[in-house]
Amino acid sequence: MCPLVSADIEEAAEQWQTRGWTVVHDLVPTDEIDAAVEELWEHFPSPSEFHSGSRSALRRFETESTDTRYRPESSPVAETDSSAGDSDRQFSSKQFLGHVLFPYKSHLLNRLQIHPNVVNFAKKAMDAEDLRLYQARIWGKYTGVTNYEQPFHQDRNHTIVPDRIEPGWWNLLGFLYLSDVEDGVGPTEILNYGDSPPGKETHSAAGRRGSYLAYRTDVWHRGVNLTQEGGSRFLMNIAFKHAHHEWIGFDSFQQNANQGPWSKFAASCTPEELALFGAPMPGHPYWTTELVDALKDRYRGIDERPWREGLP
Ligand SMILES: O=C(O)CCC(=O)C(=O)O
């Protein structure tokens, strides 16, 4: 039987395909996570600040660390397909505080969003080269904000049509852990593909920071409460779909793509990296000499040569 946690990419990809989920242990080196997390506090109160009891830290969490659509007054509880028999566990809008959407203020966090190890894992698991990143955000939780216990559910809110879960069609949802996610700080509880609650064996998707929980939309799972005193949990949502699968989506990037952090991020990207957001690759009929010049102008510092070399 496969171990529940794997650092072996091939084995983890196979687990995702057959069992519906996997934790790829240490997928991103911890020193890279730690360097980026130093800049996380530009968006979130640090755990010690939050747990000092300061009202301003709570206020900052509810505002600066929470995209407007997740603030209490917006009350979005958009989950679907909750399991019967889970009546003591409820979704609540407070569980969804702490969502910061990509691009972030920090260049290192932005680069982490498309870390090659994560992208390559997704390509292997989905057995495809041409992928799109369609969910990109950071989610922070702190002990005591609310009761984070959720009912078991399947994520049916990533598509506008019924899911087609098979090679060539499936999408991959995932959490890259920015902090150690262990008992007491809310490791997701998850069931194997084909099992549904109640009564089936559940697994805790615990993992060190740098690990990546990858799962499919057809596995039952749920968020659990944070009980550790002074505890917190930070993760990056990173989800992929096949190119041209417009029926799948979650976050959109265009609205911020003419300013600040995005410009610096885009200037650092290779064609393959920008293609994760839908940019046409070198050689695509979209490109003309004038457009390549405009790309160079728009993203100062970008290496535009591949696009230029791809011109007819
Ligand atoms: O936070 C978690 O561990 C899981 C959250 C989740 O499944 C959801 O909100 O759909």
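At a glance:
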read-out	value
Residues within region 144-186 that are of a type in the set (D, E, K, R) and under 30 Å from L58 (Cα atoms), tallied	5
Selected residue [at pLDDT 95 or above and in the same structural domain as R111 (by TED's automatic domain parsing)] from S82, S52	S52
Elements of type strands (runs of 3 or more DSSP E) contained in region 94-201, each with 2 or more residues being of a type in the set (A, V, I, L, M, F, W, C) and away from the ligand (no atom under 16 Å from the Cβ)	131-142
Extreme residue, surrounded by the fewest Cβ atoms within 10 Å (Cβ to Cβ), among residues of region 202-236 that are of a type in the set (D, E, K, R), within 19 Å of T143 (Cβ to Cβ) and within 13 Å of the ligand (Cβ to nearest atom)	R222
Region 292-305, residues that are over 21 Å from N256 (Cβ atoms) and either of a type in the set (F, W, Y) or loosely packed, with under 15 Cβ neighbours inside 10 Å (or both)	D293, D303, R305
Helices (runs of 4 or more DSSP H) enclosed by region 2-65 - at least 3 residues per element that are charged (D, E, K, R)	9-19, 30-37, 55-62
Residues being over 25 Å from H115 (Cα atoms) and surrounded by 22 or more Cβ atoms within 10 Å (Cβ to Cβ) - total across region 152-190	1
Evaluation of A136 against (1) out of contact with any helix residue (DSSP H, G or I) (no Cβ under 9 Å at 6 or more places or on another chain); (2) surrounded by 21 or more Cβ atoms within 10 Å (Cβ to Cβ) (one fails), failing number	(1)
Every pair of residues 6+ apart whose Cβ atoms lie under 7 Å, when the first sits in region 257-280 and is in a loop (DSSP other than H, G, I, E, B) and at pLDDT 95 or above while the second is buried (at least 19 other Cβ atoms within 10 Å of the Cβ) and of a type in the set (A, V, I, L, M)	L276/I114; L276/L131; L276/L133; F277/L133
Residue check, G223 in the same structural domain as P103 (by TED's automatic domain parsing), of a type outside the set (D, E) and touching a helix residue (DSSP H, G or I) at 6+ places or on another chain (Cβ under 7 Å)	yes
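The values are calculated or read from the model by the stated rules, or taken from the named source; none is laboratory data. All figures in this text were calculated on a predicted structure; none of them were measured in a lab. Neighbour counts are summed over all protein chains in view; Cβ atoms, including those assigned to glycine, are modelled from backbone coordinates with ideal geometry.
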